[in-house]
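One structure is given below, encoded as structure tokens.
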Amino acid sequence: MFRNQYDTDVTTWSPQGRLFQVEYAMEAVKQGSACVGLRSRTHAVLAAANKAASELSSHQRKVFRVAEHAGVALAGLTADGRVLSRFLRSECINHSFVYESPLPVSRLALRLADKAQVCTQRSWKRPYGVGLLVAGLDETGAHLYYNCPSGNYFEYQAFAIGSRSQAAKTFLERRFEKYNDYTPEQLIKDALSAIKETLQGEKLTSSNCTVAIVGRKDDGTMEPFETIDAKRIQEIIDSMEAAEEAPTEPSAMQQEEEGTDAAAPMDI
Amino acid sequence: MASDTGASYGSTLRYKSVERIKAVGKHSLIGASGEFSDFQEILRYLDELTLSDHMWDDGNSLGPKEIHSYLTRVMYNRRNKFDPLWNSLVLGGVKKGPKGEEKYLGMVSMIGTHFEENHIATGFGNHLAIPILRAEWREDMTFEEAVKLVEKCLLVLLYRDRSSINKFQIAKITTEGATIYPPYSLKTYWGFSHFENPAQGAVGSW
């Protein structure tokens with residue numbers, strides 16, 4: 001994308017019918033570190049690759065609980081994300097106060113999208129520079145939405161955003177058709193594998209990723225939106241690596257095709 | 001749910017064919033006592049709610065619990081402004097939840113008091129019908145048994161509440177939907193010997 005004479009204001013159209021400022025805002029999302037979301041019929045999982053400003057600092061918080069039944073993972077300008085999370089929390093609380101029941105996820109995603117759209121149509125505002133993966137559970141099942149700075153939102157079975165997310169998307173594209181029937185554990189493993197794709201060689205540990213899950217068990221009880229603790233994540237990562245190392249030479253080819261193994265000696 | 005079909009204007013029985021129980025959305029029934037015009041206003045609010053729900057067309061629908069909570073907020077807020085909606089509302093409904101069919105029955109008063117119970121009554125019903133229901137209600141009643149029990153209460157109220165009339169409506173809500181039955185009357189008995197020659201035992205001024 002290059003500078004042109006139509007990109008100064010968000011309220012200026014280009015002759016091709018584009019709003020460049022909105023597109024530049026979506027670029028900000030691509031600069032953030034990766035986030036991944038996937039869902040089955042009953043559970044939704046969000047995972048984020050943690051990035052720390054320096055070795056001395058703690059990492060940026062990218063996964064936020066919005067209500068008992070919903071949460072978000074964000075990529076881009078984290079400050080914008082924090083403010084939007086606060087908005088989402090307030091919408092959920094207001095709905096619960098009046099109706100004593102959780103705000104359906106599709107309506108939550110719509111309110112967020114409408115808020116983002118306002119910023120694309122006011123000359124004194126700028127678009128939010130953050131993309132959010134909204135995951136939640138309501139009476140129609142588990143849902144995953146992607147809200148982007150343009151004010152558009154779509155429902156997904158699985159999606160990835162942020163830097164190097166294309167690697168994760170490729171991984172998910174191969175497997176998403178089975179996700180509706182996946183168990184929560186399988187979803188978490190696939191989320192971790194997708195995040196691993198975005199790390200490009202760096203070792204996946206519980207300190208450089210965050211995973212959260214929300215869902216409903218078979219007996220009808222709800223598992224509220226919760227970040228899985230680091231110890232459990234490390235256990236899952238270790239079990240995934242053990243499963244990869246177990247097969248012998250002939251199936252090394254198989255593993256490459258599945259794309260889950262990034263530790264082959266030739267890869268740097 | 002059952003009610004009579006009378007609406008009074010002070011001590012005048014002004015309207016005798018008034019439907020005081022209405023269906024709300026797919027899952028609930030609302031019944032009201034008190035100021036009928038305020039009930040019509042509440043029905044308008046609920047119409048707006050159910051309409052926007054319907055327009056969403058996303059598989060989510062308002063259940064009796066949500067409507068009960070909404071009405072509580074409305075009634076309580078009006079009372080705080082010293083401008084109440086002068087009604088006692090009874091909210092009943094059935095909705096399929098993750099743990100199976102969930103039945104709901106609750107009430108909201110004009111000052112915002114609200115609760116959920118297995119038997120609800122308004123006005124004189126609180127004094128005359130609730131004791132009967134507490135004695136004879138069971139969890140596993142059939143529809144016919146329930147109607148008989150409710151008719152027992154209605155009869156007592158007909159005899160003893162001077163603002164009631166002998167024209168009743170029964171309403172039923174199940175997961176299949178709401179049914180409001182046409183009005184009918186109950187048989188009353190006035191042949192008590194005490195009613196014959198009522199002045200017989202009267203002596204002096206009282």
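Taking amide hydrogens as modeled 1.01 Å from N in the peptide plane, which residues meet the under 5 Å criterion relative to B:Leu29, leaving out close sequence neighbours?
B:Val24, B:Gly92, B:Gly93
Report ³J(HN,Hα) in whole Hz for each residue of the range A:142-150, in order, from the Karplus equation J = 6.51 cos²θ - 1.76 cosθ + 1.60 where θ = phi - 60°; Gly and Pro get x.
With coefficients 6.51, -1.76 and 1.60, one gets 8, 9, 9, 10, 10, 9, 10, x, 6 Hz.
What do you get for the angle between helix A:78-99 and the principal long axis of chain A? Use alpha-carbon atoms, 0 to 90 degrees, nearest ten.
It works out to around 80 degrees.
I'd like the orientation of helix B:64-80 relative to chain B: the angle between its Cα long axis and the longest Cα principal axis, in ° from 0 to 90, rounded to 10.
70 degrees
Could you give the size of the charge dipole of the protein assembly as shown about its Cα centre, using +1 on the Cβ of each K and R and -1 on the Cβ of each D and E, expressed in debye and rounded to the nearest 20? Kindly include the intermediate steps, with their values, before the conclusion.
Working: 54 positive and 61 negative charges, 412 e Å.
It works out to roughly 1980 debye.
Rank these for me by crowding, A:Tyr145, A:Tyr128, B:Tyr184, B:Tyr104, going from fewest to most other beta carbons within 10 Å. Provide the component values of the computation, followed by the final result.
On the way: A:Tyr145 25, A:Tyr128 29, B:Tyr184 12, B:Tyr104 19.
Placing the least packed residue first, the sequence is B:Tyr184, B:Tyr104, A:Tyr145, A:Tyr128.
In 10 Å bins starting at zero, report the fraction of Cα pairs in chain B per bin as a rounded %.
All Cα pairs considered, the percentages come to 8, 31, 34, 17, 7, 3, 1, 0.
Quick one: order B:Ile111, A:Ile236 by neighbouring beta-carbon count within 10 Å, fewest to most.
Lowest count first: B:Ile111, A:Ile236.
So for the range A:87-199, what percent of the C-alpha to C-alpha distances run longer than 25 Å? Can you show the working numbers first?
Values: 2107 of 6328 pairs.
Pairs farther apart than 25 Å: 33 percent.
With n ≥ 4 as the cut-off for DSSP H runs, can you work out [θ] at 222 nm for chain A, using -39500 (n - 2.57) per run divided by the number of residues, rounded to the nearest 500?
-12000 deg cm²/dmol
Helix-only mean residue ellipticity at 222 nm, chain B, DSSP H runs n ≥ 4 weighted -39,500 (n - 2.57), per residue, nearest 500. What is it?
Details: 4 runs with 68 residues, N = 206.
Counting only the DSSP helices, I get -11000 deg cm²/dmol.
Can you work out ³J(HN,Hα) from phi for every residue in the range B:32-45, in order, using Karplus 6.51 cos²θ - 1.76 cosθ + 1.60 and θ = phi - 60°, giving whole Hz and x for Gly and Pro?
9, 10, x, 6, 5, 5, 5, 5, 5, 5, 4, 4, 5, 4
Just need the relative contact order of the range B:2-196 here, percent rounded to a whole number, with Cα pairs under 8 Å and 6+ apart.
This gives 23 percent for the range B:2-196.
How much length is gained on full extension from A:Ser123 to A:Asp238, taking 0.36 nm per residue of separation minus their Cα-Cα distance? Don't jump to the answer; show the numbers that get you there.
Details: separation 115, 0.36 × 115 = 41.40 nm, distance 5.12 nm.
Net length gain for the segment: 36.3 nm.
Whose amide H sits under 5 Å from the amide H of A:Val66, counting only residues 5 or more places off or on another chain, with H placed in the peptide plane?
A:Gly71, A:Val72
Return one number: the angle in degrees, 0 to 90 and rounded to the nearest 10, between the long axis of the Cα atoms of helix B:125-136 and the longest principal axis of the Cα atoms of chain B.
Long axis of B:125-136 versus the principal axis of chain B: about 80 degrees.
Which far-off residues, 5 or more places away or on another chain, put their amide H under 5 Å from the one on B:Met110, with H placed in the peptide plane?
Hits under the 5 Å cutoff: B:Asn87.
Can you run phi through the Karplus equation (6.51, -1.76, 1.60; θ = phi - 60°) for the range B:169-177 and list ³J(HN,Hα) in whole Hz, with x for Gly and Pro?
Values per residue, Gly and Pro as x: 10, 9, 10, 10, 10, 9, 5, 6, x Hz.
The numbers here are math on the coordinates, done by the rules we state, and not lab data. Keep in mind the model is a prediction, meaning the values are calculated, not measured. Positions of Cβ are backbone-derived with ideal geometry, glycine not excepted, and every protein chain shown enters the neighbour counts.
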